[in-house]
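A short worksheet on the structure shown next.
The values are calculated or read from the model by the stated rules, or taken from the named source; none is laboratory data. This is a predicted model, so every value here is computed, not measured. Counting neighbours? That spans all protein chains shown, and the Cβs are built from the backbone with ideal geometry, glycine included.
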């Protein structure tokens, strides 16, 4: 018999759970390292000292195929240790969980690990007047609640900045979806995914207990989500989520003429460049007037990128 320190960390189903500290360390950590236990997500976030040491101990037992893990087979696509970490400049925010990073002369598209961007609320499909479909005008960035706010959070925080990237796992290609490289992205020591979840602008993916293809900071993400839920922030708010009612002026001469006097009288205003078609042709989102417009630089014309047809680029 030994004297130990017991730290009670919570209760569930009339049972207490906590940490047992021996002079030689955390008993749970020793059990995991010996392959005699598994990590469980539901209580891991409450562990004294954080869950990283327990995850690391379990990973060590898996690699050694100790006891419970004697038949363990790694899942997912192997990652070369030399390519796992890199730095790059963020050149594009694709949406609320994907960005494009320039590493040297190479452009890489990466996804934030273990988070899910805002989703479209399920609504009954309605036919538009005249027999058309409302789906034709659906714009995910503006029509999905909090998608625009999430994209803007990433754009303002990351665009043009150097970030540190650590590849956590690669999601194999499936159906019409290509392989996805899922990473932890940090800037100034801040985990971008954790910050996004903490603002209530993304949710954390739930995994099967035996699925180890997840963020290396998964428990930090869960803790951030719990705080966002308690504060009723963003996606967790009880208020009805609002969408951005955007007027698209592209290709609509009548609407463009209608908006022109307002834009001229407004003088100087801010806009977000959503797309660069060529050196002289831009697509802008003008927040003040809540409209999308194609903008041409007066007095000049630049070559356009070639059209892709049948796998070939046509000038």
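Considering only the range 1-16, state which residues are touching a strand residue (DSSP E or B) at 6+ places or on another chain (Cβ under 6 Å) and not in a loop (DSSP other than H, G, I, E, B).
Passing the criteria: 5, 6, 7, 8, 9, 10, 16.
With the requirement that a residue be surrounded by 15 or more Cβ atoms within 10 Å (Cβ to Cβ) and in contact (Cβ under 8 Å) with a residue 12 or more places away in the chain, what does the range 78-105 give you?
Result: 86, 88, 89, 90, 93, 95, 96, 97, 98, 99, 101.
Does the range 5-27 include one or more residues that are touching a residue at least 24 places away in the same chain (Cβ under 8 Å), loosely packed, with under 11 Cβ neighbours inside 10 Å and within 18 Å of residue 59 (Cβ to Cβ)?
So far as the range 5-27 goes, no, none of its residues is touching a residue at least 24 places away in the same chain (Cβ under 8 Å), loosely packed, with under 11 Cβ neighbours inside 10 Å and within 18 Å of residue 59 (Cβ to Cβ).
Filtering the range 51-65 down to residues that are surrounded by 13 or more Cβ atoms within 10 Å (Cβ to Cβ) and out of contact with any helix residue (DSSP H, G or I) (no Cβ under 7 Å at 6 or more places or on another chain), which residue is nearest to residue 223 (Cα to Cα)?
Ranking the qualifying residues of the range 51-65, first place goes to 52.
Here's the yes/no breakdown for (1) over 23 Å from residue 144 (Cβ atoms); (2) modelled with pLDDT of 90 or more; (3) over 22 Å from the mean Cα position of the chain (by Cα):
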| site | (1), (2), (3) |
| --- | --- |
| 197 | no, yes, no |
| 211 | yes, no, no |
| 237 | no, yes, no |
| 271 | no, yes, yes |
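Hey, among 307, 233, 281, which residue is over 26 Å from the mean Cα position of the chain (by Cα) and at pLDDT 90 or above?
Sole residue among the options that is over 26 Å from the mean Cα position of the chain (by Cα) and at pLDDT 90 or above: 281.
Taking helices (runs of 4 or more DSSP H) that fall entirely within the range 17-71, which contain at least 3 residues that are within 25 Å of the chain's Cα centre (by Cα) and on the phi < 0 side of the Ramachandran plot?
The helices (runs of 4 or more DSSP H) meeting that bar are 41-44, 52-64.
With modelled with pLDDT of 95 or more and touching a helix residue (DSSP H, G or I) at 6+ places or on another chain (Cβ under 7 Å) as the only criterion, which of 93, 110, 159 stands out?
Going through 93, 110, 159 in turn, just one is modelled with pLDDT of 95 or more and touching a helix residue (DSSP H, G or I) at 6+ places or on another chain (Cβ under 7 Å): 93.
Mind telling me which of the residues 253, 196, 222 ends up being under 27 Å from residue 138 (Cβ atoms) and in contact with a strand residue (DSSP E or B) (Cβ under 7 Å, 6 or more places away or on another chain)?
Within the list 253, 196, 222, the selection yields 196.
Quick one: residue 36 ticks every box in (1) surrounded by 14 or more Cβ atoms within 10 Å (Cβ to Cβ); (2) in contact with a helix residue (DSSP H, G or I) (Cβ under 7 Å, 6 or more places away or on another chain); (3) farther than 19 Å from residue 214 by Cα except a single one, so which number is it?
Against the list (1) surrounded by 14 or more Cβ atoms within 10 Å (Cβ to Cβ); (2) in contact with a helix residue (DSSP H, G or I) (Cβ under 7 Å, 6 or more places away or on another chain); (3) farther than 19 Å from residue 214 by Cα, residue 36 comes up short only on (1).
Here is a yes/no grid of residues against (1) assigned by the TED database to the domain that holds residue 152; (2) within 30 Å of residue 169 (Cα to Cα); (3) surrounded by 15 or more Cβ atoms within 10 Å (Cβ to Cβ):
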position: 186; (1), (2), (3): yes, yes, yes
position: 195; (1), (2), (3): yes, yes, yes
position: 255; (1), (2), (3): no, no, yes
position: 264; (1), (2), (3): no, no, no
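Within the range 202-227, which residues are touching a helix residue (DSSP H, G or I) at 6+ places or on another chain (Cβ under 7 Å) and either under 24 Å from residue 165 (Cβ atoms) or buried (at least 22 other Cβ atoms within 10 Å of the Cβ) (or both)?
Within the range 202-227, 202, 203, 204, 215, 217, 219, 220, 221, 224, 225 qualify.
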